[in-house]
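Reading through the structure tokens given below for one structure.
Read the figures in this text as sums done on the coordinates, not as results from a lab. Keep in mind it's a predicted model, so treat the numbers as computed, not measured. When we count neighbours, we look across all protein chains shown, and the Cβ atoms used for this are built from the backbone with ideal geometry, even at glycine.
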Ligand SMILES: [Cu+2]
């Protein structure tokens, strides 16, 4: 095989690869991109969707390079083809300056590019992950609705501190609003994963783990526990709703009034609730509301009935 022959094959490969890569990337972005999970219900969800699309659009040309070369070799260099010449690529490629430099530059650019892209996107108000009690990146909006997420074996409950601190099993949030989820636990470690919201934050006892997102679309979403937390971990899920703002305020105010008697029995709103030695009592319900069981031990005071 002459030098000219090789250049000719190489150019053809590059042209076929480049055309296919551009076409498939564009088709993917417009036809598949908007359907990539977790959707676009919130700022963090659409941010994640965009990131997944960018990663796939980077990966597609890399996969195509392998497939195009394989396909080309199968068709053009197959042994049964009339006039086919046995290629002798290995030794020549080993010391090939252009290939070596090209390989190092291409891989370096891709890896460093993804590193920079990922760092910038992570700085975008935490990207939906729990940022701990003292978030590095906070939303620019001053109108932030705080909602506390409390994990316990085996369900999540939600407290609304700006509505008298009532606690409910329903997660209802308003649209076009920045939400600060304050995620904590009463017992073991859990993880609050609101899939369509693009929010995932560890729920640890004695920790106030904060995750931000801004709602963009109405609809329902799924909440799952994403940290193995015991026997019924798999049953630890519920569904939440994003409502129009006016409807949300109606819901929140009416719920606040409906369950006011229950709220009185709760401890005052706090960012964490330290479990004590009272087992299932967990220190969460005050002793006046929930007398201790007779298995209380470990030095905690027994309340007088
Ligand atoms: Cu759990």
Full extension between residue 15 and residue 140 adds, at 0.36 nm per residue less the Cα distance, a length in nm of 40.4 nm
Nearest-0.05 FRET efficiency for residue 155 and residue 111 at R0 = 41 Å, using Cβ-Cβ distance, is 0.45
Subtracting the Cα-Cα distance of residue 104 and residue 162 from 0.36 nm times their residue separation yields 15.4 nm
Between residue 74 and residue 218, the two model label points (7 Å from Cα along the beta-carbon direction) sit apart by a distance in nm of 5.0
With Rg from the Cα atoms and Rh as the Kirkwood inverse mean 1/r over Cα pairs, segment 126-205 has an Rg/Rh of 0.94
Length-normalised contact order of segment 147-265, Cα under 8 Å, at least 6 apart, in percent, tallies to 28
With a ≥ b ≥ c from the Cα gyration tensor eigenvalues, square-rooted, and the rule rounded for a/c under 1.5, otherwise prolate when a/b > b/c and oblate otherwise, segment 150-244 is prolate
